Amino acid sequence: MKVLTFTGKSPSEALKNARIEIGDEGMLIETREIQKKALGKEPLYEIVVGVDEEDVKKHNANNLYKKPLQNQKPIKQESKDVLYNISNAAAQISEIADVTSPMSEYSKVKTQVRQSEPKELKEIKSQISKLGDKVNLIQNMFWDEKSPEIETQIPPEFAEIYRLASQSGMDSEHLNDIMRMTLTHMPLQMRENSTTVKRYFQTLLRKMIPIRLESMPGIGAKKVIMLVGPTGVGKTTSIAKLAARYSYLMEKKYKVGLVVLDTYRIGAVEQLMQYARMMKLGIETVVDPPEFATALDALKYCDYILIDTMGSSPYDKGKIEKIHECLNANDTEFNVDVVLTMPSSIKYDDMKITYENFSNLGIDTLMFTKLDETKGYGNIFSLAYDTKKPISYFSVGQEVPEDLVCATSEFLIECLLHGFNRSKI
Ligand SMILES: Nc1nc2c(ncn2[C@@H]2O[C@H](COP(=O)(O)OP(=O)(O)O)[C@@H](O)[C@H]2O)c(=O)[nH]1
Ligand SMILES: [Mg+2]
């Protein structure tokens, strides 16, 4: 290799001189200050450039020599007086390359940022990773303390799903049962990852919920549906939604008739009367139990008969008994589907009390209202799981008729694990 030296009053001038002689070919070996600037004396810089065919090839392979000479950093940087940082070098390069406008502050900053970015990013990444480890550690510590007392030790990968499910208001015994089942049946390799644990758990929950899929009355048959439940839960509103659904919203337009047993509260009767007028539906009112069969008979031309009942507190046995008498007095051929309607905003224990109080009416399905007003849906899961009564509908708002959802296990488990999302209806 031939070693050539070039001098100048600055490193850039030395480089410029080198380029005049040898062009861009060559390897910048060193830049050094030969003479310091002093009174009456100009500074003198020297650059050492190697030019050799063999070395050119070698450095090309290392990517060092791919750049033109003015873009290279010297291999040796012995002279402490010459500060070689990127911005400095960049300034020199622009100077040599005859860049007309001097490097702006902006581009200097940009260069520095670009240089420091990977280092900072590395630092942030390492901090995040350390933090993640700490969170896991803490989570596991809490998990060890709080993990449910069931025979098998539940691994930390279950912590997230356990937290979500227990926060949802699900009965703790049910949750522990499910955990036990999961641990018994879940393949070992799936347990190592909290995502697969969650997916497995989700599927299991779905399979555990009894659902009554909506079916339409066959030719010549009819459906008689009665909504029962405490006052103010949304029975009348739901009857209006169902009526609109069957008479207007489906592909086939069914004949719908209404019966109202809520004759003690004039306002409540008027509420359903208004819906009946708006939708042009036949409506019958029932005061005494024997009138119930008469009302059904009067609406026998309908495909659907929807029965709204008097509101009653779960403890008001008298009113529940009156409904019971109506059902007993039903000597028609029509079978009445009794739907217990409950708001999702009440606790699981209160749901159970309500269920027990209405159970002598022979509950066929469950309907949950006001899903838009709550955050936890585990109580719904637990009631359906415990009673083995299928869920038929959900009410998700006050709007008639749109805020009604035909029950599916996917919808409920999605609400349970991720909250109610109107866009997913
Ligand atoms: N936020 C919300 N409000 C509802 C829902 N269903 C009914 N409501 C409201 O609850 C109140 C009582 O409803 P109503 O149908 O009269 O209850 P009922 O006494 O059981 O017949 C009314 O203000 C309804 O608009 C629902 O799903 N979500
Ligand atoms: Mg009502």
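All of the numbers you see were taken from the coordinates with simple rules; none came from a lab. Predicted, not measured: the structure shown is a model, and the values here were computed from it. Cβ: placed from backbone, ideal geometry, glycine included. Neighbour counts: every protein chain shown.
Here the stretch 335-425 has an Rg and Dmax of 12.5, 38 Å, counting Cα atoms alone.
In plain terms, the residue of Cys406, Cys302 with the fewest other Cβ atoms within 10 Å comes first and the most crowded comes last, giving Cys406, Cys302. Electrostatic tally near His418: other residues with Cβ closer than 14 Å to its Cβ, Lys and Arg +1, Asp and Glu -1, net +4. Computed from backbone phi with θ = phi - 60° and the Karplus coefficients 6.51, -1.76 and 1.60, the 3J(HN,Hα) list for the stretch 219-236 is 4, x, 8, 9, 10, 10, 10, 10, 9, 10, x, x, 5, x, 7, x, 5, 5 Hz; x is used for glycine and proline.
Beta bridges from DSSP with both residues in the stretch 275-425: antiparallel share about 25 percent, rounded to the nearest 5. Report, in listed order, any pair from Lys223/Lys352; Lys207/Lys253; Lys241/Lys317; Lys207/Lys352; Lys198/Lys241 with a Cα-Cα distance greater than 30 Å. In this structure, Lys207/Lys253; Lys198/Lys241 exceed 30 Å between Cα atoms. Summarising the label geometry, the points placed 7 Å from Cα in the beta-carbon direction at Thr184 and Arg277 lie 5.9 nm from one another. Segment Ser423..Asn360, full-extension length gain: 18.9 nm, with 0.36 nm per residue of separation and the alpha-carbon distance subtracted. For the listed peptides 329-339, 188-198, 219-229, a ranking on the average number of other beta carbons within 10 Å per residue, highest first, reads 219-229, 329-339, 188-198.
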